[in-house]
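The values are calculated or read from the model by the stated rules, or taken from the named source; none is laboratory data. Given the structure is predicted, the values throughout are model-derived calculations rather than measurements. Quick reminder, even Gly has a Cβ in these numbers, built from the backbone with ideal geometry, and neighbours come from all protein chains shown. Note: accessible area is taken over every heavy atom of the protein model, side chains too, but ligands, DNA and RNA are not part of it. Shrake-Rupley method; radii C 1.70, N 1.55, O 1.52, S 1.80 Å.
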Amino acid sequence: MKFQANSRRRALEYEKDWAKRWSKDKTFEKSVKQRPADRQWVFYDGPPFLTGTPHHGHLLVSTVKDAMGRFHTMRGQRVERRWGWDCHGLPAEVFVEKQLGIANKKEIGTKISIEDYVRECRTAMVKTGTEWEDTIDRLGRWVEFKGAYKTMDKEFMESVWWAFKTLYEKGKIYEGEKILVYCTKDATPISKSEVAMENSYQMDTDPSVFVYFKLEDCDEYMLAWTTTPWTLPANTSVAINPEAEYSLIEYGDKKFYVASKALSRVMQDAKHQPLDYTVIKRIKGGELIGRRYEPLFINRGPEAHRVLRAEFVTTDDGTGIVHQAPAYGEDDYELCKANGVPVESIVDGNGNYTEGPWLGRNIWEVNKEIAKSLVEEGRALKIEYIRHEYPHCHRCGTKLMYRAHPSWFMDIQSQKDEMLKANEETRWTPDNLRTGRFKNIIEQAPDWNLSRDRYWATPIPVWKGVRNDGTELVKVIGSYKEFAELTGRELDDYHLPEVINVTFELDGVTMRHIGKVLDCWFESGSMPFAQFHYPFENKEKFEKSFPADFIIEAIDQTRGWFYSLMAVNVGLFGRAPWKNLICTGFINAADGKKMSKKLKNYTDPMELMDQYSADSFRMLMLSSPLTNGENFALVDKDVGNIARKLSMIWNMYDFFTMYAEVDGWEFDSKRPFTLYPDDLSNPLDKWIVSRVHELAGEIDRHMEAYDLQGATRPIVPFLDDASNWYVRRSRRRFWKSEDDNDKSDAYRTLHYVLLKLSVILAPFVPFLAEELYQKLGGGEESVHLLSWPTNYAVDESEIERMRIAREIINEGLSQRASVGIKVRQPIPSLTYTYKKLDSYYEQIIAEEVNVKQVAHRCSDDCEVQLDVTLTPELKREGLAREVVRFVQNARKSAGLNVDDRIELSLTTDDDELTQAIDEHAGAIRQETLAIILDSIKDGYEVVALVEGKSLNITLKKA
């Protein structure tokens, strides 16, 4: 193959071109089919919400997935890459409600029928544009979109039913009532993990109120503090710490108990000035335990309105006396249940009161009103407004409440030990998230609330009926076949409301669906088997692909997908569903804040890729701390910096093709192509070939360890070595006119290094790698169909000698700079005490540091000493080198090619500069490819100042 200078294309041009050609030639499909089916490398693709749009975080994990997939493909493994869509749950419903103008759940069934609502949800999940595909394609990620699994697919849902029933039969799913986080707008419970994962806490200002509870049979009160006045109508008890000290004080016309440690904090006015009160006596809290008090609103029966013992009550805030509304607080619920105190629910699913003075009104609307009315009526001491973080629904923004709610739960407690053991057997990057954060999440996890009181998700496959004796009959269905056998029906769609409308008889009992759907995280956790419709189809395929070799998502998924995968699959199969995991950090805007469309504090990734290149964006993502679980502020210029560093590859390519075209150097791609250091004679060639092999080996080791930062870290230093050391040191080898073995080896070596780079960089910068490979005459259809290189031969002695030489050079240059002598000015000598180098390396040192002599002295210390004495002869030689620099600049300005020989005239009135030119005429002529003449007509002219001396330069092509 012959090479042509100036043949480089712009990144935007070749990236879009290669994306089209790969698609047309089905290169991705070939890369999969060419690898044996019995050598799989499996990764699970976590499904994004279909209603969402691709953002930087998606592109980060997509880049990692693509890089790892390409690498393992090149390692000879079959890497099938199937996209997935999360179509169910609140994200989808909120999306549809906005389109339909639905304000809250109450309007579903009134403003629009449930049938039509579900139909709209399905339509929205089908009617999607190509934004995702366009973006992923622009990024260069290879993945199968056409065969993507969807969580709303009939087959996927059947596998979820199977999982639910299997876990139920194992005793790992049960029905119960617990205090759950609840959204009143969406009228459904949501999980605590979702609240924590989405970081949906907001700063709110709420009234807190200090309420009097009058003890029976005396004129004494207890002063309780609450930040949720709306729960007071549901009060059924008061909690006190039996070991704390309480003071009975007199203030105004009331005597009441307050924790002694809280007195100074509580007894202040609105301006934080102390109130005038009298301490009557002090007692232990235990003396109040068991006493009864008068109801604040409604009498809840003989077991209510008692003072309960509670060690969890502290005196650090509030009054040390806690009002208990067990239907609306987790600690309250557990305490009251344990003591036989009734649980009174007074609020419906929409957050409206079902009884009392505020009947029909919303709890948050009357929260302040309740507090004010109690103070006005003398039933509360005061109101204090507090500013605190409070959870809001991560989908609709509504302020959440806690309420007792019947639900179906997965028994996490019974399998925690299994989950912890399974976690120990996995490998994470970074590992501290496995041993710390994720382990703690498992250890502290409550039982998983699986129920959602919504419509668009997989229905919980449970039907209930009541026997004649009043006992309940429960039937869990685990397949559509079982459903048909029981009901005599087969459905086209197993969503609500079709399933709700199906009843059947079982043991003489009419069975009806419970009307609840599953948490969509249970579906996501079922993805490993449900994507294959296991166990109904593809049984062997699933079993061979489980557990996955690799998964990746951001750190928030420790509470989301990672957790649901672990919980579901340990419950079903007794083991973790992945072997290796990369957990990324979050990409923030340049200012360190969260990326926000509203604030417009980031550049669209498509614009970034078009401006700098998709490869540069990919490389920044892969090499950043993100792939090691740390956050990263994305600055646009960082992508540009990576682009400039990658351009070193194209600078080397330009240099190579420029001289290869001049000399007619050709490469035969049909011949076996490999190079070993021992094949070469020039130490510089041996060194750079060893370095590129060293790079390939280092990348291989880190990629096998799922360490992307480690894999990408040595790439830029190598490019700097190759471009700014090897190519720069080899320039004269390409310049010389004679075609000897050394020049041939220089061509062969540089071509080999660039071609090798195209292969080992292919997983990271696939477009650049393909373009470079094809431009260099690679013999295969695509660089991405090649195997990973196995030639890691390294001449360690050459690596070490070059390292020592460059250390000496760096120290010598540093010393020159410290005394203010330019590098072009020769100095007498350099003496070093490192390990003795041979003459080849000492010559390099002499040239780089620009010394006339290099000497070695034996010593136990590592030192470099310069002789910086400047003789007149040395000064003139320095002037001659400055002349060469100005002539080279003039050549460029005149538009000459690098191989053009020139006629040159140099004239000056300065005697010293004239002597310098005369003494070093041969060197000047050799360096500038010139014939020095006294005068030139019609040439390019320029006047230069050489160390303050005027020099007239005239040149033209010879």
Inset, instruction - Using DSSP, restrict attention to beta bridges with both residues in the chain and report what percent are antiparallel, rounded to the nearest 5. - result: 70
Legend entry - Å² per residue, accessible surface of the stretch 632-794 at 1.4 Å: 36
Inset, instruction - Tell me which residues come under 5 Å, amide H to amide H, from R361 once H is placed; ignore anything under 5 positions away on its chain. - result: Y353
Inset, instruction - If a/c stays under 1.5 just call it rounded; otherwise compare a/b with b/c (prolate if a/b is bigger, oblate if not). Do that for the stretch 800-867, with a ≥ b ≥ c from the square roots of the Cα gyration tensor eigenvalues. - result: prolate
Legend entry - Set of aspartates and glutamates with alpha-carbon distance to K598 below 20 Å, sequence-local pairs under 8 removed: E198, E607, D636
Legend entry - Per DSSP, loop trypsin sites (Lys or Arg not before Pro) in the stretch 861-958 with at most 15 further Cβ within 10 Å: R901, K937
Legend entry - Amide proton proximity set for T429, modelled H, under 5 Å, gap of 5+: L581, I582, C583
Legend entry - Positive-end residue of F573, H513, S545, charge dipole of the chain with Cβ unit charges: H513
Legend entry - Phi to ³J(HN,Hα) by Karplus 6.51 cos²θ - 1.76 cosθ + 1.60 over the stretch 879-884, Hz, x for Gly, Pro: 4, 4, 5, 5, 4, 4
Inset, instruction - Just grab the label-to-label distance for L933 and I500, each label 7 Å out from Cα along the Cβ direction, in nm (one decimal). - result: 9.8
Inset, instruction - Pull out a ≥ b ≥ c, the square roots of the eigenvalues of the alpha-carbon gyration tensor of the stretch 758-900, then state rounded if a/c is under 1.5, prolate if not and a/b is larger than b/c, and oblate in the remaining case. - result: oblate
Legend entry - Protection proxy ranking of 359-370, 330-341 - average other beta-carbon atoms within 10 Å, highest first: 330-341, 359-370
Inset, instruction - Can you tell me the dipole magnitude for the stretch 872-957 around its Cα centre, using point charges on the Cβ only (Lys, Arg +1; Asp, Glu -1), in Debye to the nearest 20? - result: 420
Inset, instruction - Evaluate the charge dipole of the chain about its Cα centre and quote only its size in Debye, nearest 20, assuming +1 on the Cβ of each Lys and Arg and -1 on the Cβ of each Asp and Glu. - result: 780
Inset, instruction - Return the long-range amide H neighbours of K382 (sequence gap of 5 or more, or a different chain), with a cut-off of under 5 Å between placed amide H atoms. - result: F210
Legend entry - DSSP-assigned coil residues among trypsin sites (Lys or Arg not before Pro) in the stretch 39-130, each with at most 11 further Cβ atoms within 10 Å: K127
Inset, instruction - Would you work out which of V375, N362, H388 lies farthest towards the positive end of the dipole of the stretch 205-391? Charges go on Cβ: Lys and Arg +1, Asp and Glu -1. - result: V375
Inset, instruction - Rounded, prolate or oblate: pick one for the chain, where a ≥ b ≥ c are the square roots of the eigenvalues of its C-alpha gyration tensor, a/c under 1.5 means rounded, and failing that, prolate if a/b is larger than b/c, else oblate. - result: prolate
Inset, instruction - Heavy atoms only, probe 1.4 Å: what % of the accessible area of the chain goes to carbon and sulfur, would you let me know? - result: 45
Inset, instruction - Obtain the nm distance between the two label points defined at K645 and K254 by a simple spin-label model: each point lies 7 Å from its Cα along the Cα-to-C-beta direction. - result: 6.7
Legend entry - the stretch 872-939: C-alpha pair distances exceeding 21 Å, %: 20
Inset, instruction - Evaluate the charge dipole of the stretch 66-129 about its Cα centre and quote only its size in Debye, nearest 20, assuming +1 on the Cβ of each Lys and Arg and -1 on the Cβ of each Asp and Glu. - result: 340
Inset, instruction - May I ask you to give the solvent-accessible area per residue for the stretch 205-391, in square angstrom, as obtained with a 1.4 angstrom probe? - result: 45
